[in-house]
1. All but one of (1) hydrophobic (A, V, I, L, M, F, W, C); (2) away from the ligand (no atom under 12 Å from the Cβ); (3) surrounded by 22 or more Cβ atoms within 10 Å (Cβ to Cβ) hold for residue 32; state the number of the condition that does not hold.
2. So, in the stretch 82-103, how many residues would count as being more than 15 Å from the ligand (Cβ to nearest atom) and either touching a strand residue (DSSP E or B) at 6+ places or on another chain (Cβ under 8 Å) or closer than 18 Å to residue 151 by Cα (or both)?
3. Of (1) within 21 Å of residue 26 (Cα to Cα); (2) away from the ligand (no atom under 14 Å from the Cβ); (3) of a type outside the set (Lys, Arg), residue 58 satisfies all except one. Which?
4. Tell me whether the stretch 83-99 contains one or more residues that are in a helix (DSSP H, G or I), at pLDDT below 95 and among the β-branched types (Val, Ile, Thr).
5. Could you tell me which numbered condition residue 107 fails, if it satisfies all but one of (1) among the aromatic types (Phe, Trp, Tyr); (2) farther than 18 Å from residue 150 by Cα; (3) touching a Cys at 6+ places or on another chain (Cβ under 6 Å)?
6. What residue, among those in the stretch 72-81 that are surrounded by 18 or more Cβ atoms within 10 Å (Cβ to Cβ) and in a loop (DSSP other than H, G, I, E, B), is nearest to the ligand (Cβ to nearest atom)?
7. (1) loosely packed, with under 15 Cβ neighbours inside 10 Å; (2) under 30 Å from residue 189 (Cα atoms); (3) of a type in the set (S, T, N, Q): which one isn't true of residue 52, the others all being true?
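The values are calculated or read from the model by the stated rules, or taken from the named source; none is laboratory data. Keep in mind the model is a prediction, meaning the values are calculated, not measured. Here the Cβ is made from the backbone with ideal geometry for all residues, glycine too, and neighbour counts use every protein chain on show.
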Amino acid sequence: MENAQSSSPLGNHSIYCGTTRYILPLPCDELIRSTGPTTLEMFLIGAEAQFQLVSRFLPQNPSVLDIGCGCGRIARFLTSIHGIRYVGFDVLPYSIQWCRTAFDPLFGECMRFEHFDGFSKAYNPRGTVKPGGYRFPVEDRSVDLAFAFSVFTHLLEQDARHYLDETKRCLKKSGRALFSIHNTPAQGCDFSGDEHRIDIATSYFIGMASDAGLELVEDLGDICGQHTLLLRRSL
Ligand SMILES: C[S@@+](CC[C@H](N)C(=O)[O-])C[C@H]1O[C@@H](n2cnc3c(N)ncnc32)[C@H](O)[C@@H]1O
């Protein structure tokens, strides 16, 4: 990630020539890899599929929260949604820095990116704040759709539970949440791994969500290599 800081602030892809005044740049390879995919092709293919999914659950003029937004992999597709109000946050400083540099001039009024210095052994080992105490940067009951793709795959149980509580706090009554998990925990465990890779049994995750006041709407199965669940407020 050190390279991401020292390279061009808008990335190193030369696919887009000419003006970037109306076109979002692509992030550099280090930032792409920080979201999981190892190639630009997989970065975009996965994002396009997850964008199709997200789009299904957006009302008109939606308010959207992207938990662990990385370098705006999904956000770049959401720029086409009319009237959207988008907030993304992440612990990785270079990702948020890149998003602000890339998105702000084009979409600054409707798309906001927030960094918080949350500790993550995998992503932000010098982080000074415990994720388990972080308040998401949105008001109570203000969000139509919250999503976290490949984020619960990196959260310890206490932090994951807190993020579920925060999701419940933020969702409107009619709101929905889309979360992906790895669901092959170590034998005999419901929850295993560390921040490099967390696995949670699907039924255990649904139980954790229920403890937070969220209930399953639909088990969407495997999407882009992760088990994906649609949830809503149960109260
Ligand atoms: C595999 S990447 C996925 C990024 C993005 N969701 C996507 O789908 O492109 C995991 C992301 O979660 C972020 N992350 C890890 N722990 C976090 C935490 N406690 N709060 C917010 N983001 C976190 C990482 O910095 C990283 O950007």
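1. It fails just one condition, (2).
2. Number satisfying all stated conditions: 2.
3. With respect to (1) within 21 Å of residue 26 (Cα to Cα); (2) away from the ligand (no atom under 14 Å from the Cβ); (3) of a type outside the set (Lys, Arg), residue 58 is out only on (1).
4. No, the stretch 83-99 has no match at all.
5. Unmet for residue 107, out of (1) among the aromatic types (Phe, Trp, Tyr); (2) farther than 18 Å from residue 150 by Cα; (3) touching a Cys at 6+ places or on another chain (Cβ under 6 Å): (3).
6. The extreme case among them is 73.
7. Failing condition for residue 52: (2).
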